[in-house]
Every structure is written in C-alpha cells, then in structure tokens.
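The values are calculated or read from the model by the stated rules, or taken from the named source; none is laboratory data. Keep in mind that this is a model prediction, so the values were computed, not measured. Please note: Cβ atoms are built from the backbone with ideal geometry, for glycine as well, and neighbour counts cover all protein chains shown. When the accessible area is computed, the model is the full protein with side chains, heavy atoms only, and any ligands, DNA or RNA have been set aside. Shrake-Rupley method; radii C 1.70, N 1.55, O 1.52, S 1.80 Å.
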Amino acid sequence: VLSPLKGQDNVHQLWLQQKYTTLTAPRVLAGWKEAQLIIAETSTGQAAVDAINKLRASASLPLFSSTDPTAIAAQVVEERRRELFLDGQRLGDLLRLGIPFPSGVTIAGAPIGPITCIPLPLTERAINPNLKNYPLTLTPK
C-alpha cells in the first residue's frame, strides 16, 4: 500500500507491507502454503502444476497451466517469491537456484549489486577482533 508518508530519504513515498500489520501478528514457521511450494519444486509435470494450483485456488487466483518444464520451474520460483514475501526465504532461493541478484541503483540513486551475503556493519567489525580483515563491511557515509 502506498503511504502518504515519506521514506528515509524524505523524498520518496513509503510503501507499507500488509502481510504483518502488527508486532504480534502471527508468523508461520512452516505451513501448508510452503509445503505446496516444496511439493511443486520437487515434482515434475502435472504434479507440480497441481501443487501450484492448490495454492493459487486457495487465494482465488487464476489457475496456472503449462506442460513446459522450464515454465513450470519459473512459476514455482515466482510463487515462492510472492507467497514467502517477508519470510526470509528469498536470499536462500537466489543462492540455491543461481538466480542473478538485482543490480543498478535504487529509486534514491544508491547503488545495489550482487552481494550474496549480508554485509557486517562497521561497529560489528570494530568490536570483534576476529573480523579485522572481513571484506564486506558497510562504512558510514
């Protein structure tokens, strides 16, 4: 949902997620929807399509139809991207499936690139002598 509020840069409008609307909103650790996605990913052909369609039918979405293995695999990835939004699965999917990371610049002009791990902040490196030479460190601007 597009908010009337401004984001961190005080220029661009803030987009608000609607999946977890309160701090106490329940988080599903492993549920039926993710199970259908696992079934779809580990199956082939019509069995994979059926698992995708069970998930889509539960959300009143149009059913998916294909016999092309590449299209089915791409749909599974897309369904995972959408269904598991904000659940901490995307980085693992990108790494596991070899999906290219986004690169370029953000809406605010900040560069983004193919970092495959979460960079450590400068403060973390400063307090841990074992990380003295850790290469991926965010430095303050």
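I'd like to know which of Ala71, Val105, Thr22 lies farthest towards the positive end of the charge dipole of region 1-137, counting +1 on Cβ of Lys and Arg and -1 on Cβ of Asp and Glu.
Of Ala71, Val105, Thr22, it is Thr22.
Which of these, Thr22, Thr70, Thr116, has the largest mean-square fluctuation under a Gaussian network model of the chain (Cα springs below 10 Å)?
Among Thr22, Thr70, Thr116, the largest mean-square fluctuation in the Gaussian network model of the chain belongs to Thr22.
With only alpha-carbon atoms counted, please give the Rg and Dmax of the chain, in Å.
For the chain, the Cα-based Rg and Dmax read 19.3, 55 Å.
Calculate one ³J(HN,Hα) per residue across region 33-40 by plugging θ = phi - 60° into the Karplus curve 6.51 cos²θ - 1.76 cosθ + 1.60, and present them in order as whole Hz with x for glycine and proline.
5, 5, 4, 5, 5, 5, 4, 4
How large, in percent, is the carbon and sulfur part of the accessible surface of the chain at a probe radius of 1.4 Å?
Working: 6420 of 10390 Å².
Here it works out to 62 percent.
Which whole-angstrom value gives the distance between the alpha carbon centres of region 1-24 and region 102-126?
Measuring centre to centre over Cα atoms gives 21 Å.
In debye to the nearest 20, how big a dipole does region 46-86 give about its Cα centre with +1 on each Lys and Arg Cβ and -1 on each Asp and Glu Cβ? Walk me through the numbers on the way to the answer.
Working: 5 positive and 5 negative charges, 27 e Å.
In total the dipole reaches around 120 debye.
Can you tell me the dipole magnitude for region 1-105 around its Cα centre, using point charges on the Cβ only (Lys, Arg +1; Asp, Glu -1), in Debye to the nearest 20?
280 debye
For region 54-117, with only Lys/Arg (+1) and Asp/Glu (-1) charged at the beta-carbon, what is the dipole magnitude about the Cα centre, in debye rounded to 20?
80 debye
Choose one answer from Glu34, Glu78, Glu124: the residue with the largest mean-square fluctuation in a GNM of the chain with alpha-carbon springs under 10 Å.
Glu124
What number, rounded to the nearest 500 deg cm²/dmol, is the helix-based mean residue ellipticity at 222 nm of the chain, given -39500 (n - 2.57) per DSSP H run of at least four residues and division by all its residues?
-11500 deg cm²/dmol
Within the chain, how many Lys pairs sit with Cα atoms under 28 Å apart, leaving out pairs fewer than 8 places apart on the same chain?
Lysine pairs meeting both conditions in the chain amount to 6.
Provide the gained length on full extension for the span Ile127 to Ile38, in nm with one decimal, where the gain is 0.36 nm per separating residue minus the Cα-Cα distance.
28.0 nm
When you have a sec, figure out the Kirkwood radius of region 40-80 from all distinct Cα pair distances and drop it here in Å to one decimal?
9.9 Å
Using the heavy atoms of the protein chains and a 1.4 angstrom probe, tell me the accessible area per residue for the chain in square angstrom. Walk me through the intermediate numbers first.
Numbers: 10390 Å² over 141 residues.
Averaged over the residues of the chain, the accessible area is 74 Å².
Among Leu37, Leu120, Leu95, which one moves the most in a GNM of the chain with springs linking Cα atoms closer than 10 Å?
Maximum fluctuation in the GNM of the chain, among the listed residues, is at Leu120.
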